[in-house]
Amino acid sequence: MAPSILHPPVQLSPAAALALSQQAPAILRSSPSTVSSSPLNTLLSGSEKPEQWLQYENLILSCLRTGDDQAAHACLRRLVARFGNDNERVQALRGLVKEAEAPDNGALENVLKEYNQILGENDANIPIAKRRIALLRSMGRLSDAASALVQLLDFSPTDAEAWSELSDIYLSQGLYPQAIYAIEEVLVLAPNAWNVCSPTIAPDLSPMLMQRPSQIHARLGELQYMAASAPGAANGSSQKYLAEAIKRFSRSIELCDDYLRGYYGLKLVSKKLLNDGVKAAKQTDDSEFVLPDTHTIERLNELATAKLSEIVRHSAANDRGWRGYSEAEIAAARELLADDASAIKR
Amino acid sequence: MTLLSKTITAFGSLLLAHACYSAREHTALQSLRAATTATLTSSPATAASLPVDIIIETIVSTFILLLGLVLGTRPLRPLEWRVWAGKIEREGEEGFTDNAGAVDKDFMGNPFSVLESRPNFVDIRKQRREFAEWVQKGGAQQGQ
C-alpha cells in the first residue's frame, strides 16, 4: 500500500519516497493549475480543500528528495499562485527548494543570506527561522544552529518540535545533560507522547532503532560511554541515569501496549543493570527515583524478553494485526534476543 | 461482512414495509366494514385492534433491521489511551480501516512522530544524498 500523501514524508524509506514522487505528475494533472480565491469562482467550481495544499507541500518534500525538481517547482508555483510570495510557509518551501538545488557552499551561503534578510525584516517568521537553523546544521555549523535555536525557543517556548530538534543537536555534539533537559521540555509539552518518553534519559537508545541494526552496537557503546563518563562520580551518576532510563521506558510502555521500542530499551537497561550488579541505593531523597531492587529488575527483564519474543514471533509469521512494526526495528529486537540467548549458552 | 449486513438490512426493511402495508390494508378494510355495518344496524362497532401476526411481523422486522445495521457499522475505536496507542504501533494502517478496507481519512499514525521526524527542520541535502546512494546501490530495482 502506498503511503498517504497527506502525512509529512520525512521518515519514509527511499522506496516509499520514490513511489510518492512518482505520483506527482498524476496529482498535478488531476487538480487545476490555478485556484482563484474570489467568491464567484468558489461558487462555480466548488470549494477548495485544505488537503490539496498539504499534498503539494508533501509532494515538494518527496520530489526534492528523489531529485524530481521539475515537479517540485510545479507544486511550488501553485502554492505561490494561491498564497502569494509573502506567505511564511511558502517562503520556507521556496528556501527549501533553493537549498536542495544549491550546487556548492557558495550557493548555500547565498540562501543563508536570504534567510537572514527575511528575518531582518520580520524576525518572528518562524518557518524561515527553522529553515535557517536546519541549513546551519546541514552545513555543519552545529553551535551556530544550537544558539539560533535557543534564541527561537526564547520567544516561542511552547514549540515541542523545536525543543526536540535542540535535543537532537545537543546529542550530536555529545552534550548529554543538555539533550536530556531539552527532551524533558518536550515531555512537559506533550506528556502523553509515548515515543518521547523512552529517549529521555537514554537519548540515543531510541534513535538507534531508526538506524540500521548494524549501527546499534555503536550507539549502545555511546550509551555506555555516556553513562560511564557522566560528570561527577562515575558509578553513582551512571546508576542514576540508568534508574531514570528504567522509569522512562516503563512509562512509555504504560502509555502504549506492545510498544517495541519501549520494551527494547527496558531490556537493554535492565540487562546492563543485572550485568553490572545492582547496588541498593542508599540515598532516600524523595525527589530522586531510586533504583528498584534486583528482583524487580529481573522481573522487568523477563517481561521485556517475553514481550519482545512475542512481537518478533508474530511479525515473523506476518500475523494479521501485527504488521505495523517497521522491519528494521524487528530485526534489531531479534538481534538483541539472539545476543541474549548466546550469552546464556556460554 | 458488508454483503451479509446489507442482505439482512434489505430483508428487514422488506418485512417492515410489508407489515406497514398489511396494517394499512387491515384498517381500510375495518373502516369499510364499520361503515357498512353502521348503516345496516346503526350500532357502534367495537374498535378492532390489529391482528397479532401483523404486530409480530412489525416487531421482528424492526429487530432484523437493527441487526443488519449493527453488523454494518465499522469496528469501534479503543477508548483507553494505551490500547489505542498500542493498536497504532502493532497494527499500523491495518487497524484503522473501515469495512470496505480503505484506511480512515483521519488516521495519521503516531501523532507524536512529528517530534522525531520534525518536517520543518528537514535536512533536504542529506536526504537527497542518501536517496542518490540508495539508487546507486540498485535499490530502485529491489523496491519494485
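The values are calculated or read from the model by the stated rules, or taken from the named source; none is laboratory data. If you're wondering where the values come from, they're calculated on a predicted model, not measured in any experiment. Positions of Cβ are generated from backbone atoms using ideal geometry, with glycine treated the same way; all protein chains shown enter the neighbour counts. Ligands, DNA and RNA are excluded from the accessible area calculation, which covers all protein heavy atoms including side chains. Shrake-Rupley method; radii C 1.70, N 1.55, O 1.52, S 1.80 Å.
So the values come out like this:
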read-out: Top-ranked residue in segment A:89-111 [being of a type in the set (Asp, Glu) and within 11 Å of another protein chain (Cβ to nearest Cβ); ranked as surrounded by the fewest Cβ atoms within 10 Å (Cβ to Cβ)]; value: A:101
read-out: Test for residue A:109: is it at negative phi, touching a Lys or Arg at 6+ places or on another chain (Cβ under 8 Å) and among the acidic types (Asp, Glu); value: no
read-out: Number of positions in segment B:58-90 that are open to solvent by 40 Å² or more (accessible area, probe 1.4 Å) and within 14 Å of chain A (Cβ to nearest Cβ); value: 9
read-out: Residue list for segment A:115-124, restricted to those being surrounded by fewer than 18 Cβ atoms within 10 Å (Cβ to Cβ) and under 17 Å from residue A:96 (Cα atoms); value: A:116, A:117, A:119
read-out: Among residues of segment B:62-101, those that are under 16 Å from residue A:252 (Cβ atoms), of a type outside the set (Lys, Arg) and part of a helix (DSSP H, G or I), counted; value: 7
read-out: Candidate set: segment A:314-332, residues that are within 13 Å of chain B (Cβ to nearest Cβ) and assigned to a helix (DSSP H, G or I); chosen: the one nearest to the chain's Cα centre (by Cα); value: A:329
read-out: All positions within segment A:304-333 that are open to solvent by 50 Å² or more (accessible area, probe 1.4 Å) and more than 12 Å from residue A:258 (Cβ to Cβ); value: A:313, A:316, A:317, A:318, A:319, A:320, A:323, A:326, A:327
